[in-house]
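Student: What follows is a structure written as structure tokens; I'll ask about it next.
The values are calculated or read from the model by the stated rules, or taken from the named source; none is laboratory data. The structure presented is a predicted model; accordingly, all values stated were derived computationally and were not measured. Here Cβ is always computed from backbone atoms with ideal geometry, including for glycine, and neighbour counts include all displayed protein chains. Side chains are part of the model used for accessible areas, which takes the heavy atoms of the whole protein and leaves out ligands, DNA and RNA. Shrake-Rupley method; radii C 1.70, N 1.55, O 1.52, S 1.80 Å.
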Amino acid sequence: MRYEAACLILWTQKTVLNKEETKQMKEERAQAARECPAIGEAQRFYMRSELMAAHHEGFVSRVAQAMRGV
């Protein structure tokens, strides 16, 4: 028997944001950074952006639909 697997990695870059969204994201990140205590070398979890998440979810949905042939 053989087993094969394939992984598809979808990456959304900041360039999908328009000028206003980019400005809003930077302001949100700056505010979150000010409110977060020093965490040293740990992952900066406050860098997450709801704007980027929304764009990425839409992108993933479109790719999944295309692969299903919808």
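Student: Which count do you get for residues in region 1-53 that are farther than 29 Å from Ala66 by Cβ and acidic (Asp, Glu)?
Tutor: The number of residues fulfilling the criteria is 4.
Student: Another question about this same structure. Taking interchain pairs and intrachain pairs at least six residues apart, which have beta carbon atoms under 6 angstrom, with the first residue in region 53-68 and within 14 Å of Val16 (Cβ to Cβ) and the second open to solvent by 60 Å² or more (accessible area, probe 1.4 Å)?
Tutor: What qualifies is His55/Val16.
Student: Something else now. Kindly provide the set of residues from region 10-55 that are among the hydrophobic types (A, V, I, L, M, F, W, C), exposed (fewer than 15 other Cβ atoms within 10 Å of the Cβ), over 15 Å from the mean Cα position of the chain (by Cα) and part of a helix (DSSP H, G or I), ordered by number.
Tutor: Ala30, Ala33
Student: Further question: With the checklist (1) within 16 Å of the chain's Cα centre (by Cα); (2) of a type in the set (A, V, I, L, M, F, W, C); (3) not in a helix (DSSP H, G or I) in hand, flag the one item Val70 doesn't pass.
Tutor: (1)
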